[in-house]
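> After the structure tokens below, expect a handful of questions from me.
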């Protein structure tokens, strides 16, 4: 493994929380956030500032400054951490020869990172350190340290830049006092394109800075900056005339989520920009007009025996709990079943308690829901009946009611069985999907719109057959002609063949069996067509102690490469692959660290680090990187597998509750090194309700 590179990636993340502890927070920010620079990320025009938007902010920025068109996606997972993924379209350079890419312009891919070292206080400015293109081609790579201070409606920034941000080189590198190596910046090594290049903060530097003024009303922002770049030394020998290092611009907030920008840069070049932005963590979604209203509590207690089959039907219709059994153990009524519709577990529990309160005899004091997943008990939550009635009638505050709810590991089944539901054997649904490939030499965007039918047939609570059939509806894959070169077994770079060979394909068809092996131990086995490119057999185990912030899992798989048509044909390639994975909730802003070690599809060995932050409404932002014993030269362009992603619940977009999410992944390139098997089911995901964060953060939903 490339341990040195992994340490370089981890050090700033480990050091930032400690730096944050020294903050003296003040309300020095703007209520409606900061605008994006030409490169994306909070900044002026060509230069960054030390400013950070609120955690959860997401932005898509497009800017045009001849000869560059830049498209940047920016995420703010933490108050002190900003990350961006960017495509730069160099419109006066071609991707290659006309026979290779036609008239397709050169596309540069880059990942940026900015960390705030401390927050602005009454006397001290905010201070941030960051880098452009820290793991891309290095064409526009540059590092910086920048400070920002607010003075009434003025926001003033001053920084020191290296690389592209300091190409003017009018300041000697102060880090040269520590080590002579900092005095010289080596040229970009194109053999390690996409690697951490080791040139950070090296070479001569240049000062940059500027001021942003907000007019009353906060819709208009005037910008003046002095940049540190020298356009006479542009990448690819693409030198540009520069009359001045002063840039002027104005940004206008057209709507709450839309910013327009214009500017005059280099003293001779116009700039145009558009940013779409929103805070994903603050999203609440539209009113759930298509959900059934919660059952009102009956005015008088029930007398006589309830119709438990009818109660089970109401639980399915109103609480969306697919009941397995209903039992009574003394003064406790216990429902075992799988929740479905509602994203917030507290809402499912509250609706279940309402229905049981309307059906249970007066002697019952507690209602318990044992939540299952694929037949496996995951967590049980109990509600004290008397206080719950007061909560619903608004005679008790949710904070006071919290002491009347108990969550714990599921106990062994006990008590009298009142009802056992028949097994619902078949489920199916029709959906739509969109796939895309961005930034390749054939076209900037290659897309595919497809219809899908997803179905499962259950043999028992713990064993089922699942599958997905896809039909291609619309695509531009007639332009998809390029297969990337590879020095490894082609485990992923045959993607063009898989996408273009057949209009109708079976992306998944597998048999699954899952069970709870112990109080905190779960297991699963599976076999069949496991994903679009591979079929075979495998298994997984997961140890997830209840109430703990960590879990440990392992999976092992024997797989064979499928035929390009994705029917029932096979290719010759076979491999044994698997990983041991540790999941750790760091306790810092709900950041989950996932570390996987093992063997990948190309028979390479190594590890994957995934860091993600979950917000209270279910949005998750994250990034990952994989390092194996494959050298950067053998891996090819990109040097190692990496990407950033955001997962957004459908609940935030639809007028009907849904537990599902859509994930958008930005990966610079698809290569064969560090490629994992894309398993349909993960025990950590199936046991997600063991994490109390979503329950506690949205406890107020228990009354809805």
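> Can you tell me which residue in the range 483-496 is nearest to residue 602 (Cα to Cα), limited to those that are touching a residue at least 40 places away in the same chain (Cβ under 8 Å) and surrounded by fewer than 16 Cβ atoms within 10 Å (Cβ to Cβ)?
487
> Pull up the range 556-590, narrow it to residues that are within 21 Å of the chain's Cα centre (by Cα) and assigned to a loop (DSSP other than H, G, I, E, B), then point me to the one that is surrounded by the fewest Cβ atoms within 10 Å (Cβ to Cβ).
587
> Answer with yes or no whether residue 327 is in a strand (DSSP E or B) and either out of contact with any strand residue (DSSP E or B) (no Cβ under 6 Å at 6 or more places or on another chain) or surrounded by fewer than 22 Cβ atoms within 10 Å (Cβ to Cβ) (or both).
Answer is yes for this residue.
> Let me ask another. Look at residue 512 and say whether it is more than 18 Å from residue 571 (Cβ to Cβ), touching a residue at least 60 places away in the same chain (Cβ under 8 Å), in contact with a helix residue (DSSP H, G or I) (Cβ under 6 Å, 6 or more places away or on another chain) and assigned by TED's automatic domain parsing to the domain that holds residue 671.
Against the criterion (more than 18 Å from residue 571 (Cβ to Cβ), touching a residue at least 60 places away in the same chain (Cβ under 8 Å), in contact with a helix residue (DSSP H, G or I) (Cβ under 6 Å, 6 or more places away or on another chain) and assigned by TED's automatic domain parsing to the domain that holds residue 671), residue 512 does not qualify.
> I would also like to ask the following. Report, by residue number, each residue of the range 203-214 that is in a loop (DSSP other than H, G, I, E, B) and either at positive phi or modelled with pLDDT of 95 or more (or both).
203
> A further question on this structure: Do we have any residue at all in the range 645-655 that's more than 30 Å from residue 482 (Cα to Cα) and without any contact (Cβ under 8 Å) to a residue 12 or more places away in the chain?
No, the range 645-655 contains no residue that is more than 30 Å from residue 482 (Cα to Cα) and without any contact (Cβ under 8 Å) to a residue 12 or more places away in the chain.
> Any residue in the range 458-473 that is surrounded by fewer than 13 Cβ atoms within 10 Å (Cβ to Cβ), within 24 Å of the chain's Cα centre (by Cα) and closer than 30 Å to residue 670 by Cα?
So far as the range 458-473 goes, no, none of its residues is surrounded by fewer than 13 Cβ atoms within 10 Å (Cβ to Cβ), within 24 Å of the chain's Cα centre (by Cα) and closer than 30 Å to residue 670 by Cα.
> Scan the range 377-399 residue by residue and report those that are surrounded by 12 or more Cβ atoms within 10 Å (Cβ to Cβ) and either in a loop (DSSP other than H, G, I, E, B) or without any contact (Cβ under 8 Å) to a residue 12 or more places away in the chain (or both).
390, 396
One line per residue, one yes/no per condition, for (1) under 21 Å from residue 78 (Cα atoms); (2) outside the structural domain of residue 95 (by TED's automatic domain parsing); (3) buried (at least 17 other Cβ atoms within 10 Å of the Cβ):
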| residue | (1), (2), (3) |
| --- | --- |
| 635 | no, yes, yes |
| 644 | yes, yes, yes |
| 647 | yes, yes, yes |
| 652 | yes, yes, yes |
| 655 | no, yes, no |
| 666 | yes, yes, yes |
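> Next question. Tell me, which residue of the range 330-347 that is out of contact with any helix residue (DSSP H, G or I) (no Cβ under 6 Å at 6 or more places or on another chain) and over 20 Å from residue 414 (Cα atoms) is surrounded by the fewest Cβ atoms within 10 Å (Cβ to Cβ)?
Taking the candidates together, the pick is 340.
> Related question: Does residue 298 meet the test of being within 24 Å of residue 379 (Cβ to Cβ) and either out of contact with any strand residue (DSSP E or B) (no Cβ under 8 Å at 6 or more places or on another chain) or assigned by TED's automatic domain parsing to the domain that holds residue 654 (or both)?
no
> Among the residues of the range 228-251, are any closer than 18 Å to residue 33 by Cβ, in contact with a strand residue (DSSP E or B) (Cβ under 8 Å, 6 or more places away or on another chain), assigned to a strand (DSSP E or B) and without any contact (Cβ under 8 Å) to a residue 60 or more places away in the chain?
Taking every residue of the range 228-251 in turn, at least one turns out to be closer than 18 Å to residue 33 by Cβ, in contact with a strand residue (DSSP E or B) (Cβ under 8 Å, 6 or more places away or on another chain), assigned to a strand (DSSP E or B) and without any contact (Cβ under 8 Å) to a residue 60 or more places away in the chain.
> Filter the range 526-555 for residues that are more than 24 Å from residue 504 (Cα to Cα) and part of a loop (DSSP other than H, G, I, E, B); which is nearest to the chain's Cα centre (by Cα)?
For the range 526-555, the residue satisfying everything is 549.
> Restricting the search to the range 80-92, which residues are free of Cβ contacts under 8 Å to residues at least 60 places away in the same chain and either surrounded by fewer than 19 Cβ atoms within 10 Å (Cβ to Cβ) or not in a strand (DSSP E or B) (or both)?
Answer for the range 80-92, where residues must be free of Cβ contacts under 8 Å to residues at least 60 places away in the same chain and either surrounded by fewer than 19 Cβ atoms within 10 Å (Cβ to Cβ) or not in a strand (DSSP E or B) (or both): just 91.
> Looking at this structure, is residue 408 closer than 18 Å to residue 309 by Cα and either touching a helix residue (DSSP H, G or I) at 6+ places or on another chain (Cβ under 6 Å) or surrounded by fewer than 20 Cβ atoms within 10 Å (Cβ to Cβ) (or both)?
Judged against the criteria, residue 408 is not a match.
> OK, next. Does at least one position in the range 154-165 carry a residue that is surrounded by fewer than 21 Cβ atoms within 10 Å (Cβ to Cβ) and either closer than 22 Å to residue 110 by Cβ or modelled with pLDDT under 95 (or both)?
no
> If you don't mind, another one. Between 526, 482, 522, which is over 24 Å from residue 429 (Cβ atoms) and either in contact with a strand residue (DSSP E or B) (Cβ under 6 Å, 6 or more places away or on another chain) or not assigned by TED's automatic domain parsing to the domain that holds residue 554 (or both)?
522
> Follow-up question, since we're still on this one. From 254, 315, which residue is in contact with a helix residue (DSSP H, G or I) (Cβ under 7 Å, 6 or more places away or on another chain), not assigned by TED's automatic domain parsing to the domain that holds residue 613 and not in a loop (DSSP other than H, G, I, E, B)?
315
The values are calculated or read from the model by the stated rules, or taken from the named source; none is laboratory data. Being a predicted model, the structure only gives us computed values, none of them experimental. All Cβ positions, even for glycine, are placed from backbone atoms using ideal geometry, and neighbour counts span all protein chains on display.
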